[in-house]
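**Student:** Starting off with a structure, shown below.
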Amino acid sequence: MKVLTTALHGTLRLQGALHHDERGLFTELFNRRDFRAATGLDIDFVQDNLSHSKRHVLRGLHYQVVEPQGKLIRVLRGEVYDVAVDLRRASPSFGRWAGFRLNAESAQALWLPPGFAHGFLTLSDSADCLYKTTAHYAPQHERCLRWDDPTLNIPWPLSSKPIITVKDRAGLSWSDADKFD
């Protein structure tokens, strides 16, 4: 596993090995021993989530307070533009965001430690995203940061109006959003 740092403190892009032959390909989606050896992190994942999204679906920017989730994100089918926003006041990258193209062919995963808002835009006809979390989903602690907040000014690669839930349309602005100490 190859580890690539990003502009956001603590986030990592992980490149797994792809093994191609006449049958197709094989890759390990997660190996705790290899993850720990490559990153120095011994993470206890407690929940796996799968989302299936149509083209132009924009999910996020979601996070949890009180029980923040670290996330290991991988695209199993299709392609997404994945965005993380650092909400940790003590972080050198506080208030900054980064975007990553993730797709099934690359075998790349993205590690986001607790304290980040996370969302993605589906770029392909559809996409299946698997993400492992370090805390269980706690709806009472769920928050949503506005995907189109003018302070963050994220240039989403939109080719048409995104499909967004009512809940995500009601996301909070950067100035009103809960942050982490």
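The values are calculated or read from the model by the stated rules, or taken from the named source; none is laboratory data. The structure presented is a predicted model; accordingly, all values stated were derived computationally and were not measured. Methodologically, a virtual Cβ is constructed for each residue, glycine included, from the backbone with ideal geometry; neighbour enumeration extends over all protein chains shown.
**Student:** Looking at (1) closer than 20 Å to Gly78 by Cβ; (2) not in a strand (DSSP E or B), which one does Trp174 not meet, given that it meets all the others?
**Tutor:** Among (1) closer than 20 Å to Gly78 by Cβ; (2) not in a strand (DSSP E or B), the lone unmet condition for Trp174 is (1).
**Student:** While we're here: Look at the range 145-178 and say how many of its residues are over 13 Å from Val83 (Cβ atoms) and of a type in the set (A, V, I, L, M, F, W, C). Outline the logic, then answer.
**Tutor:** Taking the range 145-178 as the starting set, the residues that turn out to be over 13 Å from Val83 (Cβ atoms) are 150-151, 159-161, 163-167, 169-170, 172-178.
Applying the additional criterion that residues be of a type in the set (A, V, I, L, M, F, W, C) yields 163-164, 166, 170, 172, 174, 177.
Residues flagged as over 13 Å from Val83 (Cβ atoms) and of a type in the set (A, V, I, L, M, F, W, C) within the range 145-178 amount to 7.
**Student:** Among (1) aliphatic (A, V, I, L, M); (2) in a strand (DSSP E or B); (3) touching a His at 6+ places or on another chain (Cβ under 9 Å), which single condition is Leu130 missing?
**Tutor:** Failing condition for Leu130: (3).
**Student:** Suppose the filter is crowded, with 21+ Cβ neighbours inside 10 Å, within 23 Å of Thr27 (Cα to Cα) and at pLDDT 95 or above; does Thr122 pass it?
**Tutor:** Answer is yes for this residue.
**Student:** From the list Gly119, Gly115, Gly95, which one is small (Gly, Ala, Ser) and either within 15 Å of Arg13 (Cβ to Cβ) or within 11 Å of the chain's Cα centre (by Cα) (or both)?
**Tutor:** Gly119 is the lone residue from the list that is small (Gly, Ala, Ser) and either within 15 Å of Arg13 (Cβ to Cβ) or within 11 Å of the chain's Cα centre (by Cα) (or both).
**Student:** Please indicate, with yes or no, whether at least one residue in the range 144-167 is among the charged types (D, E, K, R), in contact with a strand residue (DSSP E or B) (Cβ under 6 Å, 6 or more places away or on another chain) and not in a loop (DSSP other than H, G, I, E, B).
**Tutor:** No, there is no match, as no residue in the range 144-167 is among the charged types (D, E, K, R), in contact with a strand residue (DSSP E or B) (Cβ under 6 Å, 6 or more places away or on another chain) and not in a loop (DSSP other than H, G, I, E, B).
**Student:** I'd like the full set of residues that are touching a Leu at 6+ places or on another chain (Cβ under 6 Å) and basic (Lys, Arg), limited to the range 115-145.
**Tutor:** Within the range 115-145, Lys132 is the sole residue that qualifies.
**Student:** Further, regarding this structure: What pairs come out if I take residues in the range 8-24 that are farther than 18 Å from Asp82 by Cα and pair them with residues that are at pLDDT below 95 and in a strand (DSSP E or B) whose C-beta lies under 7 Å away, six or more apart or interchain?
**Tutor:** Leu18/Leu25; His19/Leu25; His19/Phe26
**Student:** Checking Gln108 against (1) modelled with pLDDT of 95 or more; (2) surrounded by fewer than 21 Cβ atoms within 10 Å (Cβ to Cβ); (3) of a type outside the set (Lys, Arg): exactly one of these is not met. Which one?
**Tutor:** Status for Gln108: all satisfied but (1).
**Student:** For the range 49-67, name all the residues that are modelled with pLDDT of 95 or more and farther than 24 Å from Ala98 by Cβ.
**Tutor:** Listed by number, the residues that qualify are His52, Lys54.
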